[in-house]
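See structure below.
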Amino acid sequence: MSSGVLASLNTGFHVGDMWENVLKNRRILFDRFNYDYRSIVAATQVHGTDVRVFDQGNRGEGAFPGTTRSRCDALVTGEKGLPLAAYSADCQLIYFACPGKEPVVAVAHAGWKGTLGNIAGRVVRFLKDNYSIKPGRILVGLAPVVCRSCYLVNREVAERFYAAGWNSNTGLEPAGSSKYRLDLNTINTRQLLRAGIKKEHLTCNDWCTSCHPELFYSYRRDKGVTGRMIGFIAIKNSEPKA
Ligand SMILES: [Zn+2]
């Protein structure tokens, strides 16, 4: 429903779009998956590394403008039918699913700050500590993210990654004149493997949000004036009918 630079499926309330458009867009998406767009849970993203648990009492937080009540970048739930949502335009969304008798799901939002702070590894640790879930049985999906060619960071940011042990072999490389290429996908993937996620349980892809204007909003490419994509994960209410 959105037009201009926000065309066409913008799901962010805070980017100058008309709220009616955003709500209609969300409805289009969530209807497709048989979830009520009014019942999703989202937090105000702060590029931090806090992980929080959400339950039915949080239902609808973030579904309408000004209704978020939590500030965090990683959401966890063990409750059925509660869609956990997060937003991005270049940052990486990371989905976690722990199938079983008592399933748990999570979503994390990782820009450079969250990635530097190992938000992916923190979610794995959180699931282990709070739900006794072994990393070896967690399934992880990494969403499209800005690629290393499109993501130049300054020396200050690069120094922080070097200090944390990242280098040219692991997702950070000099690109001339105090600029560096940062590969969020590679670094998040490595952190997940390091945290005990099995390689065969990781799903990712090569889509770059900046390289594909026909598909994705990109904060970098569009110089800050762009929409937001939403991603969500939920535990199904019941098994699909055979
Ligand atoms: Zn790219």
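Read-outs: derived from the displayed coordinates by stated rules, not from any lab. Predicted, not measured: the structure shown is a model, and the values here were computed from it. Heads up, the Cβs are rebuilt from the backbone with ideal geometry, glycines too, and the neighbour counts pull from every protein chain shown.
Below is a table of values for the structure above.
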read-out	value
Out-of-range pairs (alpha-carbon distance over 19 Å; input Lys199/Lys236; Lys80/Lys113; Lys134/Lys236; Lys80/Lys199; Lys80/Lys101)	Lys199/Lys236; Lys80/Lys113; Lys134/Lys236; Lys80/Lys199
Rounded to 5, percent antiparallel among DSSP beta bridges of the chain	75 percent
For the chain: relative contact order, % (alpha-carbon pairs under 8 angstrom, 6 or more apart)	22 percent
Long-range HN-HN contacts of Leu93 with modeled amide H, under 5 Å	Ala110, Ala143
The chain - Rg over Rh from alpha carbon coordinates, Kirkwood radius	0.96
Assigned charges on the beta-carbon of Lys, Arg, Asp, Glu; the chain dipole about Cα centre (debye)	380 debye
About the Cα centre, charge dipole magnitude for region 75-184 (Lys/Arg +1, Asp/Glu -1 at Cβ), debye	200 debye
Highest-first arrangement of 150-156, 137-143, where packing means the average Cβ count within 10 Å	137-143, 150-156
For Ile235, residues with placed amide H under 5 Å, excluding near neighbours	Gly81, Leu82
Peptides 203-209, 66-72, 11-17 ordered by average Cβ neighbours within 10 Å, highest first	11-17, 203-209, 66-72
